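Have a look at the structure below before the remarks.
What follows draws every value from the coordinates through simple rules; no lab data is involved. Since the structure is predicted, the reported quantities are computational estimates derived from the model, not experimental observations. Every residue, glycine among them, receives a Cβ derived from its backbone with ideal geometry; neighbour counts consider all protein chains shown.
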Amino acid sequence: PAKGATIKYKNATYKVTKSAAKGGTVTLVKRNNKKTAFTVPATVKSANGKYTFKVTAIANKAFKGDKKLKKVVIGKNVTQIGKEAFSKDSSLQKITIQTTKLKKVGKNAIKGIAKKAVLTCPKKSKKAYQKIFTKKTGFQTKMKWK
């Protein structure tokens, strides 16, 4: 699949940001199910199974307004979370970040999630992530880090 193509893999839609020939990467655009938990995988396969892509980003407004979502696990290759990615997901109580490569979190990315949400991340990344998740991203003082 070429750059800009969309891939449906398991229960989500992804957009190719770098073709498979160049070490393919994709961005999660939206999820296609309404379960209470969602895991952003580290990699996804193309429809024919020939190509594997790293999931490196979550698109702007990917989960916006998803009232059923309670738990999210962010895969180990994600480097960026888009603007308003999880905004207004009032039921979202737990975000588990498996990646140590997260560099950027968009404005209002977690604004409007549960007030006492718990964010879990790798121990060595905790200080860096506390700097990344600020008031601009919607982080509130009642939220906890683990």
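Numbers for the structure displayed
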item	result
Contact order normalised by residue count of region 74-118, Cα under 8 Å, 6+ apart, percent	52 percent
Cα centre as origin, Lys/Arg/Asp/Glu Cβ charges: the chain dipole, Debye	400 debye
Distance histogram in 5 Å bins (all Cα pairs of region 96-138, percent per bin)	6, 21, 34, 27, 13, 1
Choice from LYS123, LYS83, LYS111 showing the highest fluctuation, given a GNM over the chain with Cα pairs closer than 10 Å	LYS123
Pairwise centroid distance, computed over Cα atoms, of region 127-146 with region 22-38, Å	23 Å
HN-Hα J in Hz across region 105-110 - Karplus 6.51, -1.76, 1.60, θ = phi - 60°, x for Gly and Pro	10, x, 4, 6, 4, 10
Considering only the chain, percent of DSSP beta bridges that pair antiparallel, nearest 5	40 percent
In Å, descending, principal axis extents of the Cα set of the chain	45, 31, 21
Computed magnitude of the charge dipole of region 34-87 (debye, nearest 20; Cβ of K, R +1, Cβ of D, E -1)	200 debye
GNM flexibility winner over the chain from ALA114, ALA21, ALA62 (Cα, springs under 10 Å)	ALA21
The chain, helix-only ellipticity at 222 nm - DSSP H runs n ≥ 4, -39,500 (n - 2.57), divided by all residues, nearest 500	-1000 deg cm²/dmol
Choice from GLY75, GLY49, GLY106 with maximal GNM fluctuation in the chain (Cα, 10 Å cutoff)	GLY49
Spin-label pair ASN32/SER91, simplified geometry with 7 Å Cα→Cβ offset, distance in nm	2.1 nm
Net lengthening on full extension, ALA5/THR52 (0.36 nm per residue, minus Cα-Cα)	15.5 nm
For VAL55, distant residues with modelled amide H under 5 Å away	VAL26, THR43, VAL44
Relative contact order (%) - criterion: Cα under 8 Å, at least six apart; region: the chain	16 percent
5 angstrom amide H check on ALA12, placed H, neighbours 5+ away	ASN32
Residues whose placed amide H lies under 5 Å from that of ILE97, excluding near-sequence neighbours	ILE74, THR120, CYS121
